[in-house]
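*Asks:* Take a look at this one; I'll ask things after.
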Amino acid sequence: MFDRDLVLVGGGHAHALLIRQLAMKPIPGVRVTLVSESTLTPYSGMLPGLVAGHYQVDEVHIDLNRLCRWAGIRFIQGRVTGLNAAAKTLFVQDQPELSYDKVCFDTGSTPDLSLPGARSFAVGVKPVSRFYAKWQHLLDTRDPQRTDDTQHWGVVGAGAGGVELVLAMAHRLGPDSDIQLHLIYPGDTILSGYPWRSIRAAEQALQRHSVHCHSNFLVSAVKKDGLVAVNGNALSLDQTVWCTGAAGPDFLARSGLDITPGGFIAVNRFLQSTSQPDVFAAGDVASMVFDPRPKAGVYAVRQAPFLYENLRRAFASQPMKPVRLQRRFLSLLSLGDRRAVGHRGLFVASGQWVWRWKDRIDRAFMDKFQTLGAPVMMAAMPGEAADMHCAGCGSKLGPAILHDTLSTLPRSDRPGLTPALDTAEDASLWQPTPGLAQVQSLDGFRSFSDDLYRFGQVCVNHALSDLYAMGAQPVSAQVWINLAHAHPRLHKADFRRLMQGIHRALSDQQVALAGGHSTEGAETHVAVVANGEVDPARAWRKAGAQPGDVLILTKALGTGVIWAADAEARAPAEAITAAWNSMLISQKTAWEALRNLNPHAVTDVTGFGLLGHLLEMVGTEDLSAYLILNAIPALTGARDLLERGYRSSLHPQLLPYTLECSGLESVSETDIALLIDPQTSGGLLVALPPNQADSLLSQLPDARAVGHIARRSDKKVVVG
């Protein structure tokens with residue numbers, strides 16, 4: 001059983017390799033969580049090739065969610081903004097604090113934009129995870145109103161990164177481009193510290209690509225229209241790309257850690273903070289004060305085995321292993337046009353064959369993260385005895401865990417409600433509003449994600465959608481939580497994050513949290529009892545659709561197949577992001593828009609899929625629903641996953657719904673599967689008079705008209 005937390009902040013090269021090692025050889029009793037602002041992290045060695053157009057985006061990015069799912073490690077998408085080393089907590093933007101026993105940082109670096117005007121007018125290359133989007137933006141926003149023929153773009157910095165980048169840009173833009181590229185640097189030559197033959201090969205590449213070089217130009221200020229040097233010289237530029245002077249993340253200066261002048265975490269021979277023994281760091285964000293090295297990805301890669309070993313030993317209270325990195329290594333520099341120059345010691349070679357050599361090395365590295373086997377199952381470590389856990393009321397969470405968490409949540413002041421949180425009763429007292437009917441729904445499921453904060457929000461949205469589908473206003477909710485077995489210390493942290501997510505979603509929808517119960521078991525489950533009120537005369541029903549009604553769906557489909565693929569570590573990052581973005585949207589906005597209209601029938605699309613809930617809508621009425629197949633929206637990545645054969649485990653049980661349909665003979669298996677894909681926190685399906693459809697669609701940007709209602713044909717649903 002886990003009893004300690006290791007939190008990894010950032011998805012850099014060292015952490016990616018560390019996660020692979022942890023998957024093969026877990027640290028006994030240690031639960032690992034990766035926190036990253038992005039679900040995709042680029043391999044810096046292939047970024048120039050991506051900019052040049054030699055690679056596709058998915059070839060050079062590590063999908064962190066997939067990697068963590070495969071490795072049996074928790075993944076939380078979020079931006080860490082602070083650290084309280086004394087309390088051992090991390091601050092995450094727009095999320096609750098995250099506690100740790102030991103934490104390791106591998107966030108990379110950020111551009112040092114401290115020069116006047118740099119922050120306003122320069123595009124920073126660091127962190128590399130954001131640069132490609134900025135590069136695409138530069139390509140998409142060339143000024144078409146210019147009166148002259150040429151634009152001027154400059155790259156500041158002539159180290160390896162700056163030289164590779166400007167050559168990649170030149171190759172991508174092509175020889176006939178209307179953009180003139182410039183390389184600006186303060187010294188006499190490019191690639192300071194490189195062998196002269198490597199420098200010569202790079203200079204020839206710059207000449208071949210017609211890049212203008214500006215040596216001895218020490219920038220003192222960045223302007224909207226160019227650069228100013230210390231000696232007063234000026235260079236006119238339309239765009240400035242900053243590839244020099246990286247710094248550590250801003251929050252480190254406020255963390256209380258020992259920080260080097262560049263803003264990086266000072267670490268000792270064990271990659272351990274020189275001021276906080278429970279803090280480790282690797283990659284660009286770390287400065288090895290005992291053995292300073294340049295900021296290069298090769299060092300992060302070579303730090304990974306030492307990082308794993310020292311974290312393992314630190315948790316076991318054993319002496320750690322000093323880091324020893326080679327000073328001489330093979331350096332390969334891409335030259336834009338599928339050529340490269342490489343050197344190690346006195347050996348220097350250049351040409352197309354060197355690029356192919358570099359390409360094979362880079363692809364072999366990425367293959368470690370893109371060719372993953374079956375997900376690793378977290379099991380008891382050798383020699384560990386399985387802990388006994390009681391059932392029944394003996395499985396409840398401890399009172400201290402409940403009190404410490406619930407006491408931090410704001411109390412409800414909703415009129416007529418006396419919540420259990422205030423009175424310490426076992427149930428809530430609720431005074432119904434005279435003239436309104438009470439509506440109650442219960443819904444819940446096992447956890448599909450380790451991101452308990454967002455999972456809690458989704459559970460609330462899913463449960464409240466039943467009330468919104470009846471036209472009811474949610475008033476209060478009670479929750480039942482079953483947390484997966486863990487040490488009480490970890491239970492406390494998990495319960496806090498889960499409850500804070502639940503509380504946020506309820507608060508956003510002005511719904512009171514009126515109490516609940518909690519237990520522990522083999523897996524994490526959450527159920528929500530949602531209570532609401534509605535005028536009986538204005539309550540919406542599933543049945544009641546009229547011929548001519550337009551069918552409107554308020555959310556795209558696909559959460560079922562996306563999470564099914566994620567369970568096998570096969571869902572791509574963009575699909576996971578799309579699923580979260582959809583599920584985190586409540587139906588409150590749709591309900592508010594519908595209150596001013598007169599829907600004939602409303603239901604929410606959840607576990608039975610669009611087709612199952614549509615069949616409930618037409619029911620036994622003398623009606624048929626006509627679906628426009630190409631109008632049905634799907635979440636990013638959902639159709640691709642269906643085409644690759646992924647299905648929800650509920651899929652076989654929903655297939656009989658297709659027997660109630662006509663027109664499926666010419667429909668692909670992918671489209672059929674989408675129609676019955678079970679949805680978590682899905683949209684509302686509305687049958688609305690045609691003269692009101694445009695009004696609803698204008699208020700809900702994601703909603704789509706997907707069909708209409710007509711008199712009964714031979715089948716309840718006709719697909720076309």
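The values are calculated or read from the model by the stated rules, or taken from the named source; none is laboratory data. From a predicted model like this one, the values you see are computed outputs, not experimental measurements. Positions of Cβ are backbone-derived with ideal geometry, glycine not excepted, and every protein chain shown enters the neighbour counts. For accessibility, only protein heavy atoms count, side chains too; no ligands or nucleic acids. Shrake-Rupley method; radii C 1.70, N 1.55, O 1.52, S 1.80 Å.
*Asks:* Just give me the residues in the range 622-638 being part of a loop (DSSP other than H, G, I, E, B) and open to solvent by 40 Å² or more (accessible area, probe 1.4 Å), in sequence order.
*Replies:* D622, I628, T636
*Asks:* Sticking with this structure for a sec: List, please: which pairs have Cβ atoms under 7 Å, are six or more places apart or on different chains, and start with a residue in the range 547-570 that is surrounded by fewer than 24 Cβ atoms within 10 Å (Cβ to Cβ) and end with one that is in a helix (DSSP H, G or I) and of a type in the set (G, A, S)?
*Replies:* Pairs found: V550/A693; A556/S582; W563/A579.
*Asks:* Right, V323: over 30 Å from R172 (Cα atoms), open to solvent by less than 30 Å² (accessible area, probe 1.4 Å) and at pLDDT 85 or above or not? Step through it out loud before you land on a result.
*Replies:* Working: over 30 Å from R172 (Cα atoms): yes; open to solvent by less than 30 Å² (accessible area, probe 1.4 Å): yes; at pLDDT 85 or above: yes.
Considered against the rule, which asks whether it is over 30 Å from R172 (Cα atoms), open to solvent by less than 30 Å² (accessible area, probe 1.4 Å) and at pLDDT 85 or above, V323 comes out as yes.
*Asks:* Looking only at the range 463-476, count how many residues are of a type outside the set (S, T, N, Q) and open to solvent by 10 Å² or more (accessible area, probe 1.4 Å). Before you say what the answer is, go through the steps one by one.
*Replies:* Of the range 463-476, the ones of a type outside the set (S, T, N, Q) are 463-464, 466-472, 474-475.
Subset that is open to solvent by 10 Å² or more (accessible area, probe 1.4 Å): 466, 470-471.
The qualifying residues number 3.
*Asks:* Hey, another quick one. Take L165 and tell me if it is at pLDDT 85 or above and under 31 Å from the mean Cα position of the chain (by Cα). Even if it seems obvious, please write down each step before you answer.
*Replies:* Values: at pLDDT 85 or above: yes; under 31 Å from the mean Cα position of the chain (by Cα): yes.
It is true that L165 is at pLDDT 85 or above and under 31 Å from the mean Cα position of the chain (by Cα).
*Asks:* All but one of (1) modelled with pLDDT under 75; (2) open to solvent by 30 Å² or more (accessible area, probe 1.4 Å) hold for T371, so report the exception by its number.
*Replies:* Exception for T371: condition (1).
*Asks:* In a loop (DSSP other than H, G, I, E, B), modelled with pLDDT under 95 and under 30 Å from the mean Cα position of the chain (by Cα): is that true of G544 in this structure?
*Replies:* Spelling it out, it is not the case that G544 is in a loop (DSSP other than H, G, I, E, B), modelled with pLDDT under 95 and under 30 Å from the mean Cα position of the chain (by Cα).
Table: residues versus (1) more than 28 Å from R119 (Cβ to Cβ); (2) assigned to a loop (DSSP other than H, G, I, E, B).
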site: A158; (1), (2): no, yes
site: V163; (1), (2): no, no
site: I190; (1), (2): no, yes
site: I199; (1), (2): yes, no
site: A205; (1), (2): yes, no
site: C213; (1), (2): no, no
site: N216; (1), (2): no, yes
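*Asks:* Which numbered condition in (1) at pLDDT below 90; (2) more than 26 Å from the chain's Cα centre (by Cα); (3) in a helix (DSSP H, G or I) is the only one that E309 fails?
*Replies:* Unmet condition: (1).
*Asks:* Here's another thing I want to ask about it. From D278, D284, which residue is touching a Lys or Arg at 6+ places or on another chain (Cβ under 6 Å), within 30 Å of P319 (Cβ to Cβ) and open to solvent by less than 30 Å² (accessible area, probe 1.4 Å)? Explain how you work it out, then say what you get.
*Replies:* Numbers: D278 fails: open to solvent by less than 30 Å² (accessible area, probe 1.4 Å).
Exactly one of D278, D284 is touching a Lys or Arg at 6+ places or on another chain (Cβ under 6 Å), within 30 Å of P319 (Cβ to Cβ) and open to solvent by less than 30 Å² (accessible area, probe 1.4 Å), namely D284.
*Asks:* Across the range 581-603, what is the number of residues that are open to solvent by 10 Å² or more (accessible area, probe 1.4 Å), in contact with an Asp or Glu (Cβ under 9 Å, 6 or more places away or on another chain) and not in a loop (DSSP other than H, G, I, E, B)?
*Replies:* Looking only at that region, the number is 2.
*Asks:* To continue, here is another question. Taking helices (runs of 4 or more DSSP H) that fall entirely within the range 639-720, which contain at least 3 residues that are open to solvent by 50 Å² or more (accessible area, probe 1.4 Å) and modelled with pLDDT of 90 or more?
*Replies:* Once the helices (runs of 4 or more DSSP H) in the range 639-720 are filtered for at least 3 residues that are open to solvent by 50 Å² or more (accessible area, probe 1.4 Å) and modelled with pLDDT of 90 or more, what remains is 690-699.
*Asks:* From the set of residues in the range 477-504 that are farther than 22 Å from S99 by Cα and surrounded by fewer than 24 Cβ atoms within 10 Å (Cβ to Cβ), which is nearest to the chain's Cα centre (by Cα)?
*Replies:* Of everything passing the filter in the range 477-504, W480 is nearest to the chain's Cα centre (by Cα).
*Asks:* Also, quick follow-up: L685 passes all but one of (1) over 30 Å from N598 (Cα atoms); (2) in contact with a strand residue (DSSP E or B) (Cβ under 6 Å, 6 or more places away or on another chain); which number fails?
*Replies:* Looking at each condition in turn, L685 falls short on (1).
*Asks:* Filter the range 347-363 down to the residues that are open to solvent by less than 60 Å² (accessible area, probe 1.4 Å) and hydrophobic (A, V, I, L, M, F, W, C) and list them by number.
*Replies:* V348, A349, V354, W355
*Asks:* Which condition number does R328 fail, the rest of (1) assigned to a helix (DSSP H, G or I); (2) among the charged types (D, E, K, R); (3) open to solvent by 50 Å² or more (accessible area, probe 1.4 Å) being met?
*Replies:* Evaluating R328 over (1) assigned to a helix (DSSP H, G or I); (2) among the charged types (D, E, K, R); (3) open to solvent by 50 Å² or more (accessible area, probe 1.4 Å) leaves (1) as the failure.
*Asks:* For M470, work out the one condition from (1) under 18 Å from T606 (Cα atoms); (2) in contact with a helix residue (DSSP H, G or I) (Cβ under 9 Å, 6 or more places away or on another chain); (3) part of a loop (DSSP other than H, G, I, E, B); (4) not basic (K, R) it doesn't fulfil.
*Replies:* (2)
*Asks:* Kindly establish whether D337 is in a loop (DSSP other than H, G, I, E, B) and either of a type outside the set (K, R) or in contact (Cβ under 8 Å) with a residue 60 or more places away in the chain (or both). Give the derivation first.
*Replies:* Values: in a loop (DSSP other than H, G, I, E, B): yes; either of a type outside the set (K, R) or in contact (Cβ under 8 Å) with a residue 60 or more places away in the chain (or both): yes.
Judged against the criteria, D337 is a match.
*Asks:* May I ask you to list the residues in the range 331-345 that are open to solvent by less than 20 Å² (accessible area, probe 1.4 Å) and either out of contact with any strand residue (DSSP E or B) (no Cβ under 9 Å at 6 or more places or on another chain) or within 29 Å of K25 (Cβ to Cβ) (or both)?
*Replies:* Answer for the range 331-345, where residues must be open to solvent by less than 20 Å² (accessible area, probe 1.4 Å) and either out of contact with any strand residue (DSSP E or B) (no Cβ under 9 Å at 6 or more places or on another chain) or within 29 Å of K25 (Cβ to Cβ) (or both): just G336.
*Asks:* Mind checking which strands (runs of 3 or more DSSP E) fall wholly inside the range 1-61 and carry at least 3 residues that are open to solvent by 30 Å² or more (accessible area, probe 1.4 Å) and of a type in the set (V, I, T)?
*Replies:* Working: elements: 4-9, 30-36, 40-42.
Once the strands (runs of 3 or more DSSP E) in the range 1-61 are filtered for at least 3 residues that are open to solvent by 30 Å² or more (accessible area, probe 1.4 Å) and of a type in the set (V, I, T), nothing remains.
*Asks:* Within the range 81-120, count every residue that is within 26 Å of P28 (Cα to Cα), assigned to a strand (DSSP E or B) and within 22 Å of the chain's Cα centre (by Cα).
*Replies:* 8
*Asks:* Considering only residues that are open to solvent by 40 Å² or more (accessible area, probe 1.4 Å) and assigned to a strand (DSSP E or B), which ones fall in the range 257-275?
*Replies:* The answer is I259, and nothing else.
*Asks:* Considering T141, T110, which residue is open to solvent by 50 Å² or more (accessible area, probe 1.4 Å) and of a type outside the set (K, R)?
*Replies:* Numbers: T110 fails: open to solvent by 50 Å² or more (accessible area, probe 1.4 Å).
After applying the criteria, what remains is T141.
*Asks:* Specify which of the listed residues (Q239, Q204) is touching a strand residue (DSSP E or B) at 6+ places or on another chain (Cβ under 8 Å), more than 26 Å from S287 (Cβ to Cβ) and surrounded by 14 or more Cβ atoms within 10 Å (Cβ to Cβ).
*Replies:* Values: Q204 fails: touching a strand residue (DSSP E or B) at 6+ places or on another chain (Cβ under 8 Å).
Just one listed residue meets the conditions, Q239.
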